[in-house]
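Heads up, the thing below is written out as structure tokens.
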Amino acid sequence: MVRLIKEGRILDPSLGLDLVGDLLIVDGTIRGVAPSIEYPEKVDTISARGCLVIPGIVDIHVHLREPGEEWKEDIESGTRAALHGGVLRVACMPNTKPPNDSPEVTSYILEKARERAHVKVYPIATITKGQSGKELTEFGRLKEAGVVALSDDGKWVSDASLMKKALLYAKNFDLPLISHCEEPNLSNRGQINEGILSAKLGLKGIPFSAETIAVVRDLLLLKETNSYLHLAHLSVKESIPFLRWAKEEGLSFTAETCPHYFTLTETEVDGYNTIAKVNPPLRTEEDVQAIKHALKEGLIEVIASDHAPHSPLEKEVEFELASFGMIGLQFLLPLSYDLVRQGFLSQQKLLEYLITNPARVIKVDPPNFREGSPAEVVIFNPEKDWVVTEECILSKSKNTPLLGRTIKGKVEAVILGEGVFRL
């Protein structure tokens, strides 16, 4: 099968590619990029005029809920939502039931992915057994089973001595550690950002210090161990100066944020809106602007969705009982593209944050348009408006505060191997 994508703005950050032209795909493999391509045989022509033609997005912070909570999401439904969002590779977090803390659970996830996934799935395993924060998992066996990183996501490894050992141990196996930066004694039973709104609603707040103290400790341990660390879903302005310090010190780290932390503020939870309850919580407009500037400065270099599906059973309850989290796979690209519209990032820099940098964190080659590479192609119309409805959400869960809102930017088509999906 020969496919020719015509007249698109073709961008590939890994190759420094930026041109308006054509992309040729033969039997599911990239065969050429040029201002104009004429093919002698009959081809399936796809017009990309007015669209960006980009490699597939790599999202390294996704909750697929399988095994154990398949009523919220499973590998099939979560990767279907990813496909429709142009996310063609996902790394799934380990806080499942049971948690992915053994080669057996890793193998189960990979087997289910082979059977039912629409996109590539990379398992992440826990740092500690049962996410208890008491005993390290067997990093070597987990890597042999197929994990690409380690994280106790949802919980911080609060024992500093154990975290130091984890950094040293992970270094031996060339496995990245991903830290959920949240000091539990400060955030304990917290519901939303600590401030005027939490006082107004009578809800216990989560202070900025819960994140920043954890960031500082982890960076100091990183300096001491000379290892590598990835900081997940950063949300507050107070953490940013310490990222700048770590850069100046030459520490080997990356930092990540999510679209909701540079798009939404804590006002979304006013009126006890459980759909907007997320951890870390939505913060202030000042924090939103600080996160954008940190992205612009390159202190934060990865954007991920933190796709966290929940059913109405977990959300349509009293605020204190509601689960933290919102879905995000189908909104990752359009919401992130606002950073280009607002002048914070160039198109190429945004794609680095969505594709090449996340792939580098988990040590895989990114999707690319190099001749001979498998086709992982997304056609994205940055100017197309669409209304977020439950019907257009492919996840099993619909927990997003974007429901009913119009957002700009839509994935029009995906070419994955020999398959083409016109969306």
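The values are calculated or read from the model by the stated rules, or taken from the named source; none is laboratory data. The model shown is predicted, which means the values in this text are computed figures rather than measured ones. Ideal geometry is used to build each Cβ from the backbone, glycine not excepted, and the neighbour counts take in all protein chains shown.
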Check on VAL411, among the hydrophobic types (A, V, I, L, M, F, W, C), in contact with a His (Cβ under 8 Å, 6 or more places away or on another chain) and modelled with pLDDT of 95 or more: yes
Strands (runs of 3 or more DSSP E) within segment 356-423 that include 2 or more residues among the acidic types (Asp, Glu): 376-387
From the options ILE60, ILE30, ILE54, ILE46, residue that is in a strand (DSSP E or B) and under 20 Å from GLU111 (Cα atoms): ILE60
Segment 5-20 - residue that is assigned to a strand (DSSP E or B) and touching an Asp or Glu at 6+ places or on another chain (Cβ under 6 Å) and, of those, nearest to LEU52 (Cα to Cα): LEU11
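Those residues that are in contact (Cβ under 8 Å) with a residue 60 or more places away in the chain and part of a helix (DSSP H, G or I), I need them from segment 328-340; list them, please.
Within segment 328-340, LEU332, LEU333, PRO334, LEU335, SER336, TYR337, ASP338, LEU339 meet the criteria.
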Residue tally, condition surrounded by fewer than 13 Cβ atoms within 10 Å (Cβ to Cβ) and within 20 Å of the chain's Cα centre (by Cα), over segment 364-391: 1
Of residues in segment 75-118 being within 17 Å of PRO55 (Cβ to Cβ) and hydrophobic (A, V, I, L, M, F, W, C), the one farthest from the chain's Cα centre (by Cα): LEU83
Qualifying residue in segment 315-322 (condition: among the acidic types (Asp, Glu), assigned to a loop (DSSP other than H, G, I, E, B), on the phi > 0 side of the Ramachandran plot and in the same structural domain as SER209 (by TED's automatic domain parsing)): no
Conditions (1) of a type in the set (Lys, Arg); (2) within 20 Å of the chain's Cα centre (by Cα); (3) not in a loop (DSSP other than H, G, I, E, B): number failed by ARG65: (3)
Boolean, LYS296 is out of contact with any strand residue (DSSP E or B) (no Cβ under 9 Å at 6 or more places or on another chain) and either under 26 Å from LEU351 (Cβ atoms) or of a type in the set (A, V, I, L, M) (or both): yes
Of residues in segment 392-414 being among the hydroxyl-bearing types (Ser, Thr, Tyr) and within 20 Å of the chain's Cα centre (by Cα), the one nearest to ALA48 (Cα to Cα): SER395
From VAL157, VAL121, residue being within 17 Å of the chain's Cα centre (by Cα), buried (at least 22 other Cβ atoms within 10 Å of the Cβ), of a type in the set (A, V, I, L, M) and closer than 24 Å to PRO358 by Cα: VAL121
ILE178 being touching a residue at least 40 places away in the same chain (Cβ under 8 Å), over 19 Å from PRO94 (Cβ atoms), among the hydrophobic types (A, V, I, L, M, F, W, C) and buried (at least 17 other Cβ atoms within 10 Å of the Cβ): no
Scope segment 241-295; condition of a type in the set (Ser, Thr, Tyr), touching a residue at least 60 places away in the same chain (Cβ under 8 Å) and not in a loop (DSSP other than H, G, I, E, B); matching residues: THR254, THR263, THR267
Any hit, segment 377-391, residues being free of Cβ contacts under 8 Å to residues at least 24 places away in the same chain and hydrophobic (A, V, I, L, M, F, W, C): yes
Residue check for ILE213: modelled with pLDDT of 95 or more, within 24 Å of GLY409 (Cβ to Cβ), hydrophobic (A, V, I, L, M, F, W, C) and part of a helix (DSSP H, G or I): no
Odd one out for ALA113 among (1) in contact (Cβ under 8 Å) with a residue 60 or more places away in the chain; (2) farther than 14 Å from ASP306 by Cβ; (3) not hydroxyl-bearing (Ser, Thr, Tyr): (1)
Hits in segment 32-74 (condition: buried (at least 24 other Cβ atoms within 10 Å of the Cβ) and either farther than 22 Å from GLY16 by Cα or aromatic (Phe, Trp, Tyr) (or both)): ILE60, HIS61, VAL62, HIS63, LEU64, ARG65, LYS72, GLU73
Residue, farthest from ALA255 (Cα to Cα), within segment 302-319, restricted to residues that are surrounded by 12 or more Cβ atoms within 10 Å (Cβ to Cβ) and among the hydrophobic types (A, V, I, L, M, F, W, C): VAL317
